[in-house]
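Have a look at the structure below, then the notes.
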Amino acid sequence: MQRLQAFKYELMPNGQQQRSMRRFSGSCRFVFNKALALQKERHERGEKKLGFAALCKLLTEWRNGTQTPWLADAPTHPLQQTLKDLERAYANFFAKRADFPRFKKKGRSDSFRYPDPKQIKLDQGNARIFLPKLGWLRYRKSRDALGALRNVTVSLSGGKWFISIQTQREVEQPIPQGGAVGIDMGIARFATLSDGTFIEPLNSFKKHEARLRRYQRAMSRKVKFSKNWSQAKARVTRIQSRIGNARRDYLHKATTTISQNHAMVCIEDLQVRNMSKSAAGTTEKPGKNVRAKSGLNKAILDQGWAEFRRQLDYKLGWRGGWLVAVPPQYTSRTCPCCGHVSADNRQTQAQFLCVECGFEENADVVGAINVLRAGHARFACEVSGAAMPPAAGTHRSDSGTVQCRP
Ligand SMILES: [Zn+2]
């Protein structure tokens, strides 16, 4: 089994390298935005969208032309990769996976990618890496990068430069350990497992929220681009990255534990994006109860359900396990004891009491049990045995998710 994995380290660049990296990511942003503007213009004129090859040709012209000669200072491949990113953004938009591609802003996801391993030299013994037009860069080696190098991404986050080394290696096909479990996602409890255990919510954002808001206010009072403003901005960035780190760490611990102990994990196929979008509504149709909902939405985003699912998916895949997504129908209203479906079963947010048979249990645990049952049913009918090809309407992603459509 081939395993793709990324290893991320903090870079320790010298002043010249820092300046170069800032310039390179600026050049990539420029190329992305220029190409996006071009595609938009063509669309307005009713012309066809340019493909990757045609854009690359244009890029060569831009680099050799007189208007933007500084583009020639940046390495070619990362500039081409940014065009590839634009292609992907369009593809995601057409597949309805994402919004229309947006122009890149300075200071937001500043990064660039070297796609060709032949141009990169990784010297792990001396904790350094060679990148075209940057030379040897030192990095903080927290662990060994395993496998053959495939590509490298350089990024700026919270005022620090990082390097992410993507590798590929052959690992033994693992035998999944443990049984099956259902998971109910919630606000009061981040995740409840069908065995009754649960994961407390991480309110890292809430905890830091007041401080963040105070810093943001302070920043807005300063004269933009002044020295005071830059200092205030650095403080805001620092706390934002701290929030991000705490959240990532928390999610990784939770998903590692769950995927280590279960061969099959069933979750509700929640449309997190839709849920978090609905509150504001549109101008014609303003959302109801916006204040309360936006609080809920923030909590959802805060806890990163989508990220939780993504991590579970690939970690189970690594261990040979399965992630089964089931449509969230009646999972909170069905009695796991007698099967009676009624909204009355759920008297309060926290308590489930069956009006038919009197079965009583924590509502989230009931939800998790029902998710597990739905997952078992799906799994049995659609993927009977690993050797059988999945039925129509089901596909197994590379990482092992069973996607089920209602
Ligand atoms: Zn019942």
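No value in this document is a laboratory result; all are computed from the given coordinates. Just so we're clear, the structure is a prediction, and the values are computed from it rather than from any experiment. Glycine also receives a Cβ, built like all others from the backbone with ideal geometry; neighbour counts cover every protein chain displayed.
A few notes on this one:
- Given charges at beta-carbon only (K, R positive; D, E negative), |dipole| of segment 2-170 in Debye: 320 debye
- Ranking of 185, 12, 1 by count of other Cβ atoms within 10 Å, fewest first: 1, 12, 185
- Listed by chain and number, the aspartates and glutamates whose C-alpha is less than 16 Å from the C-alpha of residue 141, apart from same-chain residues fewer than 8 away, are 10, 123.
- In order along segment 27-35, the Karplus-derived 3J(HN,Hα) couplings, from 6.51 cos²θ - 1.76 cosθ + 1.60 at θ = phi - 60°, round to 5, 5, 4, 4, 5, 4, 5, 5, 5 Hz, and Gly and Pro are given as x.
- Cα gyration tensor shape for segment 118-222, rounded if a/c is under 1.5, else prolate or oblate: oblate
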